[in-house]
Structures are given as structure tokens and as C-alpha cells.
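Just below is one structure, and these are the notes that go with it.
The values are calculated or read from the model by the stated rules, or taken from the named source; none is laboratory data. Given the structure is predicted, the values throughout are model-derived calculations rather than measurements. Virtual Cβ from ideal backbone geometry, glycine too; neighbours counted across all protein chains shown. Surface areas here come from the heavy atoms of the whole protein model, side chains and all, with no ligands, DNA or RNA. Shrake-Rupley method; radii C 1.70, N 1.55, O 1.52, S 1.80 Å.
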Amino acid sequence: MKLLTRRAFGLLILTLLLVAGVLIFTVNYAINADSWAQHATNKHLYTDGQLKTAGKLYDRNGEILLQTVDGIQKYNVDKTVRSALLHAVGDSYGNIVTSAQVAYSDKLSGWDPLNGAYRFNNNLSSFNSDMTLTLDGELCAAAYQAMKGRKGTVGIYNYKTGALLCMVSMPTFDPENRPDVEAKPDQYEGVYMNRLFSAAYTPGSVFKLVTAAAAMDHLENIHTRVYQCEGERIINGAKVTCPKSHGNVTLEQALAESCNIAFAEISLELGGKTLQNYAEKAGFNASIKIDGIRTLEGKVNVSEAEGGDLAWAGIGQYSNTANPLTLMTYVGSIANDGIRVTPRLIRETNLLSLLPGDRLRKKRVLSEETAETLGIMMRNNVKESYGEHNFKGLELCAKSGTAEVGGDEKPHSWFVGYLNREDCPLAFVVVIENGGSGSKVAGSVAGKVLQIAVQRVAEE
Ligand SMILES: [Zn+2]
């Protein structure tokens with residue numbers, strides 16, 4: 001009897017160990033299977049650390065961006081398209097972490113936790129692992145050319161559907177002829193970073209779109225008020241300046257002429273907490289998830305700011321930083337009656353690898369009325385300040401920014417906005433690092449690329 005009890009007890013221990021082992025494996029599998037399969041030493045999927053048996057990657061028009069031919073990766077046939085899409089597609093060594101080759105490696109290699117490497121399973125071979133991005137390769141190439149080698153980024157997306165049509169980050173290189181980037185650290189500074197997703201710059205005057213929205217919602221009779229600008233004002237010992245004396249300006253004129261003194265006064269009246277609240281509504285201090293890829297968050301921390309600090313914060317200087325894509329989606333929400341549609345990068349993928357719960361996502365950012373009035377003011381900016389003749393037929397609504405970066409360096413050049421066209425609902429951002437004047441430098445890149453975008457959308 002004693003022996004039997006001991007044996008039963010032993011068996012119980014063994015059973016428990018087995019169950020525990022299966023549990024540990026299952027949990028581990030659920031958590032890690034993806035990275036095990038995607039590990040660069042997996043000879044089924046990789047050779048010398050490069051993804052060798054991936055599905056094809058297409059742009060929105062069916063142009064091949066990446067394919068594997070006889071075990072060798074081939075990018076698009078056009079060098080300009082290859083260079084323009086480096087950050088979207090990725091290089092062959094996985095250096096660009098937000099690229100499709102890295103972020104969607106499981107989809108491209110045809111792997112999921114239920115079916116394993118289904119590209120190698122004959123029963124599942126009808127599920128190919130090709131992917132189509134929302135990007136337009138030709139449009140990206142046009143943006144790359146318009147940047148003329150300057151560092152920065154261009155982004156264009158459809159503010160109703162979220163489809164990201166153009167995404168270019170500079171500097172870049174041709175992935176089929178990788179240069180020695182380490183030998184030229186200045187030329188290739190931050191070359192593996194997609195500046196649209198992962199950079200944060202001082203926003204400068206484009207931030208006035210945030211301050212203006214707060215002013216419209218919180219300050220009485222804001223549209224009939226007049227601010228006086230003598231070109232310079234001392235606020236609690238801090239000097240706020242304008243490039244010239246703007247004289248008497250309304251809110252609308254202050255936005256069109258980008259009057260710092262009017263916006264300093266508005267910021268002080270609003271207070272740090274209200275400004276903080278509107279910055280967060282606009283998407284600051286939060287990252288956006290674009291089909292599984294996270295953007296870097298821009299930072300605004302003005303809740304406790306006072307005097308000169310608060311004044312400069314409302315003008316977009318102080319310690320504010322902005323991610324270009326965040327500002328693009330903010331102006332997209334102004335265009336879309338105050339509702340922000342999260343950008344998307346994947347147009348089509350096979351059934352097995354559909355990304356769950358990550359499709360059309362909407363969020364109200366501004367009231368419909370505030371968005372509409374702000375839009376009218378942005379349209380006025382173009383007519384009064386940036387020149388309608390530079391943006392013929394675009395029905396452009398925009399705001400420029402010339403963001404001081406300190407020292408002897410030229411300011412960063414920003415231009416953000418959207419087309420107020422039902423047939424072409426596009427919002428955009430252009431940043432040129434140390435480019436100088438926002439409306440002249442970034443504005444001229446935006447003008448060129450948007451004209452091509454309109455043609456491309458009309459052809460579709
Ligand atoms: Zn002024």
C-alpha cells in the first residue's frame with residue numbers, strides 16, 4: 001500500500017512537471033515564436049542575415065518595390081524610386097527599424113503563429129505573402145527630386161481614408177548601391193532614421209495653428225480683437241520679437257503674417273494649462289501607430305510655464321518639439337471637420353496576415369466649427385502671404401514655420417497644410433532642416449510635389 005501511494009505520488013509529480021513544461025512552452029511560443037522564426041539565423045528565411053525568400057512588395061499602382069529573384073533581393077528598377085523609398089522599404093541589412101522589411105518581416109516572409117512558415121506549406125501556398133503599400137512610388141520620386149539633396153522630410157496623405165501616398169526622408173541612398181555612410185557622417189547624418197515617423201523638430205510658427213484653435217474656443221470676441229505689434233515686446237524680462245512691426249492686427253492677420261507679438265499676448269491670456277490641453281489634442285506627447293509602426297512623439301510641456309516662456313511656447317519655440325507626421329495629421333483633422341484619421345501604410349495584404357484592429361481609426365480633435373474657421377484662416381494665409389500663384393488650382397490652406405534652432409544655424413523650414421478639394425483630399429508636411437524661410441523654401445517644395453500629387457490622384 002505504501003509502495004502504491006509512493007508510486008502514485010511520483011506519477012502525480014511527473015504529470016505536474018509535464019503540464020508545467022507544456023504551459024511554459026506555450027506561453028513562450030505565444031510571446032516569442034515570431035522573433036524565433038524571424039531570427040536572422042533561420043536558414044529557411046534568411047541567408048547571411050538578409051531576407052531571401054520574401055513575398056513581393058508593391059506600391060499602390062502595382063509597381064514592384066522589392067522582390068527576391070534567385071535568392072537575391074531586387075528593388076525597383078528606377079534608382080530615383082529606390083532612393084526615395086529607402087525608408088519605406090528598408091535596406092537589405094534591416095538598419096531601418098520602421099521600414100516594411102523590418103516591421104512587416106513576418107508578413108513578407110509568410111509566417112504566422114498558427115500556420116508557421118506557410119510559404120513552404122503546399123496546402124497554404126495559395127496564401128502568398130505579397131504586400132501592397134499605400135505609397136505612390138512616382139510621387140515619392142518627385143518629392144525626392146524636389147528636396148534637391150537637402151535633409152528633411154515630405155509626407156502627403158489622404159485625410160479621409162488615411163492612405164499615406166508620399167513619404168520621403170533625406171538623406172537617403174540607393175539600396176542597390178549602398179554607399180560608405182560611416183565615411184561621410186555629415187552627409188549621411190541619421191540616414192537610417194525615417195524623419196517623417198521618427199524625427200522631432202522645433203515647430204516654430206506652425207504651432208500657431210494649435211494656439212489659434214485654443215484662442216477661438218476660449219477667448220471672448222477673438223475675431224474682432226485687435227493686437228498691436230511694434231516689432232518687439234518685453235514680457236516679464238523676456239524679449240519677444242517680430243521680423244518687422246506688423247501694426248494693428250486681427251487674429252486672422254496675425255496668423256497670415258505670423259505675428260509673434262499677437263500670439264505671445266494670446267498665449268499669456270490662454271495660460272499654460274489651456275495651451276497644454278490643445279497641444280495634446282493636436283497629438284503632442286503621444287505617438288501614433290501606423291499599421292503597427294509607432295511614430296516618435298513630439299513634446300510640449302507648458303502647463304507650468306509663465307511669462308516669456310509661455311509666450312515663446314505659444315509661438316512654437318521654448319522647449320516644444322514636433323514630429324512631422326503628427327503635424328500632418330493635425331492639419332488633416334482641420335481639413336476633415338475636426339476628425340483625425342490615422343494614416344495607413346498597408347493597402348493590401350493576404351488574408352492570413354491581416355493586422356487586427358488597426359484599420360480606419362478616427363478621433364475628434366477639434367470641434368467642427370473651430371476646424372472650419374481655422375481652415376478659412378489657413379486659406380487666407382495662402383492668398384495674403386504665400387501667394388496663390390505659387391499654388392495654382394490647389395485650393396491650398398497652409399501655415400509656414402521658420403523655426404529658430406539657435407547658434408549660427410539657419411532655421412528649420414516648415415510648411416504644412418491641405419487641399420480643400422473633394423476630389424483630392426490631401427494633407428501634407430514638408431520640413432527642410434536649416435532650410436531658412438518656411439513659406440519660400442519648404443513652401444516651394446510643397447507646391448511642386450502637390451501639383452504632381454493632384455495629377456496622380458486624378459489618373460487613378
Ligand atoms: Zn508682429
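Quick check: net charge around SER267, other residues with Cβ under 11 Å of its Cβ, Lys/Arg +1 and Asp/Glu -1? Could the numbers behind the result be given before it?
Numbers: positive: LYS208; negative: GLU265, GLU269, GLU306, ASP309.
Here the count lands on -3.
If I compute solvent accessible area with a 1.4 Å probe over the protein chains, what percent of it on the chain is carbon and sulfur? Could the numbers behind the result be given before it?
Numbers: 10630 of 20600 Å².
Ligands and nucleic acids excluded, carbon and sulfur give 52 percent.
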- Hey, what's the Cα Rg ratio for the range 202-319 versus the globular rule of thumb, 2.2 N^0.38 Å? 1.08
- Task: Using Cα positions and a limit of under 18 Å, work out the lysines in reach of LYS392, with same-chain residues fewer than 8 apart set aside.
- Result: LYS383, LYS440, LYS448
- Message: Over the Cα atoms, compute the radius of gyration (one decimal) and Dmax (the largest Cα-Cα distance, rounded to a whole number) for the range 161-264, in Å.
- Response: 20.8, 60
- Local net charge near GLU459, Cβ-Cβ under 13 Å (Lys/Arg +1, Asp/Glu -1): -2
- Task: Kindly state, as a whole number, the per residue volume in cubic angstrom of the convex hull around the alpha carbon atoms of the range 342-460.
- Result: 154 Å³
- Evaluate 2.2 N^0.38 Å with N set to the residue count of the chain, then give the Cα radius of gyration divided by it. 1.14
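Which shape class, rounded, prolate or oblate, goes with the range 158-216 when its Cα gyration tensor gives a ≥ b ≥ c as root eigenvalues, a/c under 1.5 marks rounded, and past that a/b bigger than b/c marks prolate? Spell out each step's value before the answer.
Details: a/c = 5.20, a/b = 1.88, b/c = 2.76.
It comes out oblate by the Cα gyration axes.
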- Message: In whole Hz and in residue order, list the ³J(HN,Hα) couplings for the range 203-220 that follow from phi through the Karplus curve 6.51 cos²θ - 1.76 cosθ + 1.60, θ = phi - 60°; x for Gly and Pro.
- Response: x, x, 5, 4, 5, 4, 5, 6, 4, 5, 4, 5, 4, 5, 7, 10, 10, 4
- Which whole-Hz couplings ³J(HN,Hα) result when phi for each residue of the range 269-284 is put into the Karplus expression 6.51 cos²θ - 1.76 cosθ + 1.60, θ = phi - 60°, listed in order with x for Gly and Pro? 5, 5, x, x, 5, 5, 4, 4, 4, 6, 5, 6, 4, 6, x, 6
- Task: For the range 275-294 and the range 227-273, write down the distance between their C-alpha centroids in whole Å.
- Result: 27 Å
